[in-house]
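The structure appears below as structure tokens.
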Amino acid sequence: MNAPPFSRRDFLKTAMLATAGLPFAAKNSFAAEPERKIGFALCGLGGLSTGQIAPALQQTKFCKLTGIITGSPEKAKRWQARYNLPDRSVYNYETMSRLADNPDIDVVYVVTPNGLHADHTIAAAKAGKHVLCEKPMEVSTTKCQQMIDACKAAGKQLAIGYRLHFEPNNLECVRLAREKVFGNLKSIEAAFGFHIGDPKQWRLNRALSGGGPMMDVGIYALQATRYLSGEEPASVTAKATTTDKEKFRGIEESLTWQMKFPSGVTGSGMTTYAFSGMDRFNVTAERGSFGLDPAYGYHGLRGTRSDGQIIKMPDIDQFAAEMDDFAQCILANRPIRVPGEEGLRDLKIITAIYEAARTGKPVELA
Ligand code: NAD
């Protein structure tokens, strides 16, 4: 059941389906009730699980919430009452091996801090469960590889929660790029950042975060340059800046980076924890340009094209689409769209970006 590596072609296929064929997808794949729904256990009941994933699960056609994994008995009680979960559906991080005895749980969705993703993914795989793991996949390429190996050894699927691979406005831009509507691409600029508040949160703790805004939201800008170009960067340069050295210890506050792609397309990215409002990408091609602003949020994405047309595709629940797709892949035993290998690829590039920022020199990528 090992999935072949995700390719640029897969993203284009998704793009064609989600843009040109979205109404058909809605009519054909989602009309009939599935014979069996895939049971999801949420591992880590923080902001994302509470605010987005659990509500999205209620909107899915192919999934249902059948378990929770949490370190907080109080939170467990609240979730049990809210989602009608019996005691046998509740686990903590130390009892994950017991998931093996629960046939109602097919998938563990790992939504804990970045530096715990490998522990929780490996525990879930060893218990015989498929895994959907939030981005970034982990804090190092070694950990990412361990996750891939563990899921392979268990014969289970490992998907990474790159929700924008299912988002119609992003997919429309991929279509514009692939169909060369404005000619060959020349350059891509992508930027995502926000002002981070609470200085005590795990996002500012290197062991749990793996880095600063690059790991957290810069990864979306990096992803955009990759899925828009359809290529992997050949080399990177980067510069990190930190003005508040008390708050940002051992992690960057802001980062800019440049990439050269094999075809000659150039990419530039920026990310920050210093201010909000930067949430965009822009693609310049031979005969025009297009982009999204905002580009990466949960809702309200839109964009413009240099020919005057507006980009405004259907606003969907990206988490519901991502989970339904994963569930359908499991039910049909077919390869998933955003496997662990895709998360590993980003971590390799981020590692190179950090090295380039540290040394001040370009880093070549294999
Ligand atoms: P959060 O801080 O709100 O929640 C994290 C959860 O992990 C909490 O319930 C916390 O109790 C639990 N946890 C377990 N062990 C912990 C430990 N040692 N230290 C701290 N917390 C611990 O974080 P979040 O915003 O829900 O992010 C969780 C994951 O989801 C991260 O990997 C993040 O990058 C990702 N994320 C993705 C998106 C997206 O749009 N796809 C958005 C937000 C977050």
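The values are calculated or read from the model by the stated rules, or taken from the named source; none is laboratory data. All values reported here derive from a predicted model rather than from experimental measurement. Cβ: placed from backbone, ideal geometry, glycine included. Neighbour counts: every protein chain shown. For accessibility, only protein heavy atoms count, side chains too; no ligands or nucleic acids. Shrake-Rupley method; radii C 1.70, N 1.55, O 1.52, S 1.80 Å.
Three principal axis extents, largest first, for the C-alpha atoms of the chain, in Å?
Taking the Cα atoms of the chain, the three principal extents are 58, 52, 35 Å.
Order 213-222, 308-317 from most to least packed using the mean count of other Cβ atoms within 10 Å.
Details: 213-222: 26.1, 308-317: 14.2.
The densest-packed peptide leads the list: 213-222, 308-317.
Quick one: Cα centre-to-centre distance for the stretch 239-274 and the stretch 301-339, in angstrom?
27
Can you tell me the convex hull volume per residue for the stretch 101-225, based on C-alpha atoms, in Å³ to the nearest whole number? Walk me through the numbers on the way to the answer.
Working: hull volume 18.8 nm³, N = 125.
In the stretch 101-225, the Cα convex hull volume per residue is 151 Å³.
Label the stretch 143-287 by shape, choosing from rounded, prolate and oblate, from the square roots a ≥ b ≥ c of the eigenvalues of the Cα gyration tensor; if a/c is under 1.5 it is rounded, and otherwise prolate applies when a/b is larger than b/c, oblate when it is not. Write out the running numbers ahead of the final one.
On the way: a/c = 1.97, a/b = 1.24, b/c = 1.58.
Verdict is oblate for the stretch 143-287.
Mind grabbing the accessible area of SER235 for me, 1.4 Å probe, Å², rounded to tens?
Counting only protein heavy atoms, the figure is 20 Å².
Using alpha carbon coordinates only, what is the Rg to Rh ratio of the stretch 195-244, with Rh defined as the Kirkwood radius?
Numbers: Rg = 13.5 Å, Rh = 12.9 Å.
Result for the stretch 195-244 is an Rg/Rh of 1.05.
Share of antiparallel DSSP beta bridges in the chain, in percent to the nearest 5? Let's see the in-between values first.
Values: 34 of 60 bridges.
Just about 55 percent of them are antiparallel.
In angstroms, what radius of gyration and Dmax does the stretch 224-285 have, counting Cα atoms only?
Here Rg and the maximum Cα pair distance are 13.7, 42 Å.
Among GLN59, THR142, LEU185, which residue has its Cα furthest toward the positive end of the charge dipole of the chain, with +1 on Lys/Arg Cβ and -1 on Asp/Glu Cβ?
LEU185
Which shape class applies to the stretch 126-200: rounded if a/c is under 1.5, otherwise prolate when a/b exceeds b/c and oblate if not, where a ≥ b ≥ c are the square roots of the Cα gyration tensor eigenvalues?
Verdict is oblate for the stretch 126-200.
Roughly how big is the chain's charge dipole about its Cα centre, with Cβ charges of +1 (Lys, Arg) and -1 (Asp, Glu), in debye to the nearest 20? If you can, show how the numbers build up before the last one.
Details: 45 positive and 39 negative charges, 33 e Å.
Around 160 debye, computed over the chain.
Once the other residues with Cβ under 14 Å from the Cβ of VAL363 are scored (Lys, Arg +1; Asp, Glu -1), what is the net sum?
Numbers: positive: LYS239, LYS260, LYS348, ARG358, LYS361; negative: GLU232, GLU355, GLU364.
Cβ neighbours under 14 Å give a net charge of +2.
Hey, if we sort GLU246, GLU167, GLU355 by accessible area with the 1.4 Å probe, largest down, what's the order?
GLU246, GLU355, GLU167
Compute the orientation-averaged projected area for the stretch 184-270 from the convex hull of its Cα atoms and round it to one decimal in nm². Let's see the in-between values first.
Values: hull surface 22.9 nm².
Result: 5.7 nm².
For the Cα atoms of the chain, what angle does the longest principal axis make with the long axis of helix 141-154, in degrees from 0 to 90, nearest 10?
Between helix and principal axis, roughly 40 degrees.
Using a 1.4 angstrom probe, figure out how much accessible area the stretch 34-163 has per residue, in square angstrom, rounded to the nearest whole.
40
With θ set to phi - 60°, apply the Karplus curve 6.51 cos²θ - 1.76 cosθ + 1.60 along the stretch 330-344 and write out the HN-Hα couplings as whole Hz, x wherever there is a Gly or Pro.
With coefficients 6.51, -1.76 and 1.60, one gets 5, 4, 8, 6, 10, x, 8, 7, 10, x, x, 4, 5, x, 4 Hz.
Report in % the part of the accessible area of the chain that belongs to carbon and sulfur, leaving out ligands and nucleic acids; probe 1.4 Å. Numbers along the way, then the final one.
Working: 8040 of 15480 Å².
The computed percentage sits at 52.
Expressed as a rounded percentage, what relative contact order does the stretch 34-163 have, with Cα pairs under 8 Å and six or more residues apart? It would help to have the intermediate numbers written out before the result.
Details: 227 pairs, mean separation 29.3, N = 130.
Worked out over the stretch 34-163, it gives 23 percent.
Can you tally the net charge around GLN258? Count Lys and Arg as +1, Asp and Glu as -1, for every other residue whose Cβ sits under 13 Å from the Cβ of GLN258. Spell out each step's value before the answer.
On the way: positive: LYS239, LYS260, LYS361; negative: GLU189.
Taking every Cβ under 13 Å from that of GLN258, the sum is +2.
Which lysines does LYS75 reach when only Cα atoms under 30 Å apart count, and residues fewer than 8 places away in its own chain are ignored?
LYS37, LYS61, LYS64, LYS126, LYS129, LYS135, LYS143, LYS156, LYS200, LYS247
Sequence neighbours fewer than 8 away in the same chain don't count; with that in mind, list the lysines whose C-alpha is under 19 Å from LYS361.
Leaving aside lysines fewer than 8 places away in the same chain, those within reach of LYS361 are LYS239, LYS260, LYS348.
When only C-alpha pairs under 8 Å and at least 6 residues apart count, what is the relative contact order of the chain, in percent? Working shown, then result.
On the way: 771 pairs, mean separation 74.6, N = 366.
About 20 percent, as a whole number.
Select from the stretch 55-162 those GluC sites (Glu not before Pro) which occupy a DSSP coil region and have at most 14 other Cβ atoms within 10 Å, ordered by residue number. Can you show the working numbers first?
Numbers: sites: GLU74, GLU94, GLU134, GLU138; in loops: GLU94, GLU134, GLU138.
Passing sites in the stretch 55-162 are GLU94.
Where only protein heavy atoms count, and the probe is 1.4 Å, what is the accessible area per residue for the stretch 273-331 in Å²?
Numbers: 2470 Å² over 59 residues.
With the other protein chains kept in place, the stretch 273-331 gives 42 Å² per residue.
Tell me the Kirkwood radius of the stretch 34-163: reciprocal of the mean inverse pair distance over distinct alpha-carbon atoms, in Å.
14.5
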